[in-house]
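Working notes, beginning with the structure itself.
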Amino acid sequence: MTIRRLAVFGGTGDLTGRYLLPALAALHAAGHLDDRFTMTAASREDQDGAQYREWAAAQLRRHAAHLPDRSVRAVTAACDYRKADVTDPAEVAAVVAGDDPVAVYLALPPSLFAATVTALHDAGLPEGSRIVMEKPFGESLADAEELNRLLADVLPEQAVFRVDHFLAMTTVQNLLGSRLANRVLEPIWNGTHIAEVDIVWDETLALEGRAGYYDHVGALKDMIQNHLLQILCLVAMEPPLTLGERDLRDRKVDVLRSVRRLTDADVVHRTRRARYAAGRGGDHDVPAYTDEEGVDPSRRTETFAEVELELDSWRWAGTRFRLRTGKALGRDLMEVAVRFRPVPHLPFGQDEDVRPNVLRFGLDPESLSLDMNVVGSQVGSLTQVALSARMDPPDLPAYGSLLLDVLRGDPALSLRGDEAEEAWRVVEPVLSAWERGLVPLEEYPAGSDGPLRRDTPERRDDLLHQDAVLPP
């Protein structure tokens, strides 16, 4: 059943203005929204529907200028507004009131999820309604478990969409397409042939006014616990029977369950955390993270995080998976780099100079490349070349595809409850060790490549010192 009514709690926030409204305009332009569609935004601001439509139109002019004017006007006209406290059942009930089913989008900080779900339970939802929740799903494993219990009292699991817009990106879905539609890859897609996989989301973007959210979350919770772990699942999962919601999500949960639990010693040696100091990003100065407006330095929030994981499975024995993300870095790099093991023997007499093959999936912009060794200009010598391709841009933005799945009721690319909990189990040992100070919070200049690499003398000295103070 297709839903034609959307209620957005947090309807005046950055997520709504930057992503949800443009996504709706893109859906309209593609013919996926009809004239019966309506959206009710709810927030604490004092304004009426006309004022909200003015705000929505301004957001669309800013973030969706490439879309047809007719779609911008249609989405703006479909919007209404109600002032509401998301923890008050009576005010929540006024937002979702109506006989037709409604998709309720919680564009809110995770700290408000439980109270809002409780208010929705007390308010009651029309039959056939759905709830949409942004990442991160809760703030800890215990929080996720409690949230799942609350949701189960409101709607069936099939009607709960724990969304991660990375899964709606065609670039990310191409990981499965390349693996499963090409006979040349799947036979070597295992630990026998693949040594390491780097899943990287490095940004030149600094805080950019998001302290209210980011300073309470940090890089590990903001990116690795959800986005990058989801990419890991698509890289490492066994081939599903279908791409339906049961088969696909079962295989993803298998991957998360296979992640070897990190000990304190593992966290020291296999994770890093850091935050940016003052520096220069592009053509402008970037203040230190601790000097950004709204940041509380005592929280010691990281803007760079790296975690190395191993999977206890037949397919991936001996392969390292490195998940890394950082802000205010010297370049944008969003990719999955699959690093193959060296060949067992080379008859060219230059074994030490030959680099292994690397298959790179560019995530933003979308691209695909393979580093291959070929005979160079001299007979008997090898050189490495890159075979590359750039794909066409997607028909819909990621949030457009995500909202279309919600309205149509297809949860395949959202997280199931047990999957959300398993993702927290992976990162909880890291969070615990970091909170106890077992891994130092390093610094790196904004606009640089990030903190010192592990193989530098300075880093080795740090790790040796850490070993000396580890608890038994």
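Remarks
- Counting only residues that are out of contact with any helix residue (DSSP H, G or I) (no Cβ under 6 Å at 6 or more places or on another chain) and not in a loop (DSSP other than H, G, I, E, B), segment 134-144 holds 2 of them.
- Subset of segment 174-209 that is without any contact (Cβ under 8 Å) to a residue 24 or more places away in the chain and either assigned to a helix (DSSP H, G or I) or in contact with a Cys (Cβ under 7 Å, 6 or more places away or on another chain) (or both) - its residue that is least open to solvent (accessible area, probe 1.4 Å): 177
- Odd one out for residue 35, checked against (1) more than 15 Å from residue 400 (Cα to Cα); (2) touching a strand residue (DSSP E or B) at 6+ places or on another chain (Cβ under 8 Å): (2)
- Failed item, numbered, when residue 59 is tested on (1) without any contact (Cβ under 8 Å) to a residue 24 or more places away in the chain; (2) not in a loop (DSSP other than H, G, I, E, B): (1)
- Any chance residue 443 is charged (D, E, K, R), modelled with pLDDT of 95 or more and more than 30 Å from residue 234 (Cβ to Cβ): yes
- Residue match in segment 210-221 (condition: within 30 Å of residue 279 (Cα to Cα), aromatic (Phe, Trp, Tyr) and either open to solvent by 30 Å² or more (accessible area, probe 1.4 Å) or in a helix (DSSP H, G or I) (or both)): yes
- In this structure, residue 325 does not satisfy being buried (at least 23 other Cβ atoms within 10 Å of the Cβ), in contact with a helix residue (DSSP H, G or I) (Cβ under 7 Å, 6 or more places away or on another chain), part of a loop (DSSP other than H, G, I, E, B) and at pLDDT 95 or above.
- When each of 113, 137, 161 is tested for being open to solvent by less than 40 Å² (accessible area, probe 1.4 Å), under 17 Å from residue 11 (Cβ atoms), touching a residue at least 12 places away in the same chain (Cβ under 8 Å) and not aliphatic (A, V, I, L, M), the lone residue that passes is 113.
- Leading residue by the ranking (surrounded by the fewest Cβ atoms within 10 Å (Cβ to Cβ)) among those in segment 236-289 that are aliphatic (A, V, I, L, M), under 19 Å from the mean Cα position of the chain (by Cα) and under 29 Å from residue 435 (Cα atoms): 253
- Close pairs from segment 300-318: first free of Cβ contacts under 8 Å to residues at least 40 places away in the same chain, partner part of a strand (DSSP E or B) and among the polar types (S, T, N, Q), Cβ under 7 Å, at least 6 apart: 306/271
- Taken over segment 34-49, the criterion of being assigned to a loop (DSSP other than H, G, I, E, B) and within 16 Å of residue 16 (Cβ to Cβ) is satisfied by 37, 44, 45, 47.
- Cβ-Cβ distances below 8 Å connect no pair with a first residue in segment 259-270 that is touching a residue at least 24 places away in the same chain (Cβ under 8 Å) and closer than 13 Å to residue 440 by Cα, a second residue that is in a helix (DSSP H, G or I) and of a type in the set (Ser, Thr, Tyr), and a separation of six or more residues or different chains.
- Within segment 366-388, being β-branched (Val, Ile, Thr) and part of a loop (DSSP other than H, G, I, E, B) holds for one residue alone: 379.
The values are calculated or read from the model by the stated rules, or taken from the named source; none is laboratory data. In this text, all values refer to a predicted model and were calculated from it rather than measured experimentally. In this analysis, Cβ positions are derived from the backbone assuming ideal geometry, glycine residues included, and neighbour counts consider all displayed protein chains. All accessible areas refer to the heavy atoms of the entire protein, side chains included, with ligands and DNA or RNA removed. Shrake-Rupley method; radii C 1.70, N 1.55, O 1.52, S 1.80 Å.
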